[in-house]
Amino acid sequence: MKLHNIALLSFLLVTFGAWGQEAEKDSVQDKPERPAFESSYIIDNPTNILYNKNTLEIVMSHRFGLINGGTNDLAGFWAPANIRIAASYAIHDRVTIGFGTTKFDRLQDFNWKFKLLEQTRSGKIPVSVSYYGNFVIDARTKDNFALEQHRYSYFNQLIIARRFNRNFSMQIAPSISHYNLVEQRLRNDKFAISLGGRYKVSPQTSILVDYTQPFTHHLDGSDLNSYPRPGFSLGVEFATSGHAFQLFISNYDGIIPQRNIMFNQNDFFDGDYLIGFNITRKYNF
């Protein structure tokens with residue numbers, strides 16, 4: 001083989017080798033970022049997390065009574081408590097459907113979540129975006145409703161999340177809640193924005209903060225004291241690859257998002273808060 005052919009072949013090998021390494025490097029950098037959160041919930045709000053196809057998640061949520069709610073209820077532990085038990089299933093890597101039942105008002109919720117965008121390690125896509133929605137049926141006796149459709153409520157939320165580094169993640173989530181039946185002075189729809197954050201203090205332990213601010217005013221311009229109070233929760237999460245346990249204080253007791261946003265009258269900073277916990281367990285099939 002002539003010398004110039006050898007030189008040309010060497011040049012091409014070096015060039016394509018370097019290009020391949022660069023392409024491989026770009027491919028690695030453009031992999032999806034690691035999850036911003038460990039669980040599908042951050043205390044009172046859903047997170048952007050969706051699991052791999054054929055993953056089943058079981059969720060148990062518990063809210064004790066208000067700490068300042070009585071004189072002999074052991075900081076709310078002996079007071080009436082709200083409980084929700086739910087399951088969700090990933091029918092696709094980007095689609096999850098679920099069902100839950102809640103004690104207060106006998107709420108039966110059908111819910112779904114879609115992954116719209118996924119943050120990449122290269123930063124080309126800087127945030128993850130998911131959509132969460134539900135349809136809820138109030139299963140109390142029919143004498144509570146004039147019409148069957150008065151039982152129904154709906155919730156729609158866009159969840160924008162970012163993992164800033166290995167320890168710190170945040171999300172912002174605008175939402176709209178709708179009730180078919182409300183008091184005459186109330187609006188059927190209420191807008192809100194939720195902010196949630198997680199800071200890892202160890203590989204399995206994180207500090208959680210969750211805040212929700214409703215915006216819509218009443219139709220009759222009634223006293224501000226009758227407006228729903230913002231939600232504020234502060235807690236700690238212990239997580240492994242298969243489950244997460246969240247222990248927290250919160251002024252929300254409704255568990256279902258639209259019930260909290262539309263009707264909450266507990267003021268966290270006035271001492272109206274309770275102890276609660278969430279347990280999630282996932283199974284891969």
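Some values worked out for this structure:
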quantity	calculated
In Hz, Karplus ³J(HN,Hα) per residue of the stretch 99-111 (6.51, -1.76, 1.60; θ = phi - 60°; x = Gly, Pro)	9, x, 10, 10, 5, 4, 6, 6, 7, 10, 10, 9, 9
Cleavage-rule hits, trypsin sites (Lys or Arg not before Pro), the stretch 117-177, DSSP coil, Cβ neighbours within 10 Å at most 14	Arg121, Lys124, Arg140, Arg166
The chain: relative contact order in percent, alpha carbon pairs under 8 Å with at least 6 residues between	18
Most positive-pole-ward Cα, Ser169, Phe155, Leu234, against dipole of the chain from beta carbon charges	Ser169
Lysine-lysine proximity count for the chain, Cα under 15 Å, sequence distance 8 or more or distinct chains	5
In degrees, nearest ten, helix 3-29 long axis to first principal axis of the chain (Cα)	10
The stretch 201-208 - phi-based ³J(HN,Hα) in whole Hz, Karplus 6.51/-1.76/1.60, Gly and Pro as x	9, 7, x, 10, 10, 9, 9, 10
Accessible surface of the chain [probe 1.4 Å, protein heavy atoms]: carbon and sulfur percent	61
Solvent-accessible area per residue, Å², over the chain with all protein chains present [probe radius 1.4 Å]	53
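The values are calculated or read from the model by the stated rules, or taken from the named source; none is laboratory data. Because the structure is a prediction, the values reported are computed rather than measured. We place every Cβ from the backbone using ideal geometry, glycine too, and count neighbours over all the protein chains shown. In case anyone asks, the SASA skips ligands and DNA or RNA and just uses the protein heavy atoms, side chains included. Shrake-Rupley method; radii C 1.70, N 1.55, O 1.52, S 1.80 Å.
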